[in-house]
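Below is one structure, written out as structure tokens; comments come after it.
Quick note: the coordinates plus some simple rules give every number you see, no bench work behind them. This structure is a prediction, so every number in the text was calculated from the model and none was measured. All Cβ positions, even for glycine, are placed from backbone atoms using ideal geometry, and neighbour counts span all protein chains on display.
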Amino acid sequence: MPYITIFSSSSITDYFAQSNLAGQIIVIFLLAFSVLAWGLMFCKNSDLSAMDSSNKETMRKISKSSSLIEAAAAKSLHGPYAVLLRDAVEAWGRFGMGANESESDKAARANYVENSLQRAISKQIVRYESKMVWLGTIISGAPFLGLLGTVWGVMDCFGSMSAQTSVTLQQLAPGVAGALLTTVAGLLVAIPAGFGYNYLTSRARTMSTELENFASLLADKIELESREASIAESREKPAERKPVMASKVEETPRQTKVINFSLEDD
């Protein structure tokens with residue numbers, strides 16, 4: 001059949017040339033969205049890998065350090081875990097290091113540190129999920145944009161044929177093929193971006209859960225180190241002794257009695 005020869009000898013560039021102006025503009029936009037989507041996926045994956053490596057380095061530093069204060073003082077630490085570590089230690093130092101605390105002071109310090117950690121967690125989760133909105137927009141918008149190009153192309157193709165008394169398939173096929181190109185382009189953009197979006201979202205959620213677990217670990221270590229500091233200070237403080245009340249005993253001189261007696265009888 002003649003139209004089989006047309007499709008077999010056609011290529012993507014032929015379909016692009018056969019589509020109308022609106023379809024060509026939509027295909028160009030979809031091509032740009034495809035480049036943007038792949039760039040976002042590679043950049044986001046690279047960012048998550050870099051943050052994961054920084055977090056592991058912070059964990060190693062904490063395990064090798066004698067205290068959280070020593071670990072937080074390391075300037076080489078970067079990433080979300082390092083931010084949480086410094087914020088927690090700063091909040092701990094601002095409230096007090098745990099010496100001579102009552103039970104109410106301990107509870108207030110724990111709440112203060114936990115609130116500081118929650119604020120830091122929220123900021124870092126935003127970093128984990130950054131750039132994902134653009135990727136999700138491309139995934140949801142690309143198929144509809146391709147469908148718009150297809151409907152517009154088919155409408156234009158049939159509209160141009162309405163003035164003719166007889167229309168053959170050879171005349172109709174190129175316009176329809178050019179119109180369908182936009183749908184194919186939209187799907188080619190959305191499908192890989194959808195797989196990448198699901199993978200990156202799952203990875204970001206896993207890292208967010210690990211971030212919350214790390215914050216809980218920091219809170220526990222701060223509580224333990226506060227107790228150790230309080231116990232150490234209580235041991236170093238000398239025990240208070242009651243002053244000895246010195247009493248002065250005044251001795252009164254003894255009175256001696258002299259007894260006079262004689263051996264001669266009257």
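Using the Karplus curve 6.51 cos²θ - 1.76 cosθ + 1.60 with θ = phi - 60°, what ³J(HN,Hα) values do you get for each residue of segment 148-155, in whole Hz, with x for Gly and Pro?
4, x, 5, 4, 5, x, 5, 4
Need one number: nm distance between label points at R119 and E70, each 7 Å from Cα along Cα→Cβ, rounded to one decimal.
Roughly 2.9 nm, to one decimal.
Each residue of segment 14-28 in turn: what ³J(HN,Hα) in whole Hz from Karplus with 6.51, -1.76, 1.60 and θ = phi - 60°, glycine and Pro shown as x?
5, 5, 5, 5, 7, 6, 7, 5, 4, x, 5, 5, 5, 5, 5
Using label points projected 7 Å from each Cα along Cα→Cβ, tell me how many nm separate M59 and F16, to one decimal.
Calculated label separation equals 4.7 nm.
Taking the mean number of other Cβ atoms within 10 Å as a proxy for protection, how do you rank 185-191, 43-49, 151-157 from highest to lowest?
Descending packing order for the listed peptides: 185-191, 151-157, 43-49.
Under the Karplus relation 6.51 cos²θ - 1.76 cosθ + 1.60, θ = phi - 60°, what is the ordered set of whole-Hz ³J(HN,Hα) values for segment 67-84, x standing for Gly and Pro?
Whole-Hz 3J(HN,Hα) from phi for segment 67-84: 8, 5, 5, 5, 5, 5, 6, 6, 7, 7, 7, 9, x, x, 4, 5, 5, 4.
If r is the Cβ-Cβ distance from L147 to R203 and R0 is 22 Å, what FRET efficiency results, to the nearest 0.05?
0.10
Once you put a point 7 Å from the Cα of M132 and another 7 Å from the Cα of F195, both along the Cβ direction, what distance in nm separates them?
Taking the simple label geometry, M132 and F195 are separated by 2.0 nm.
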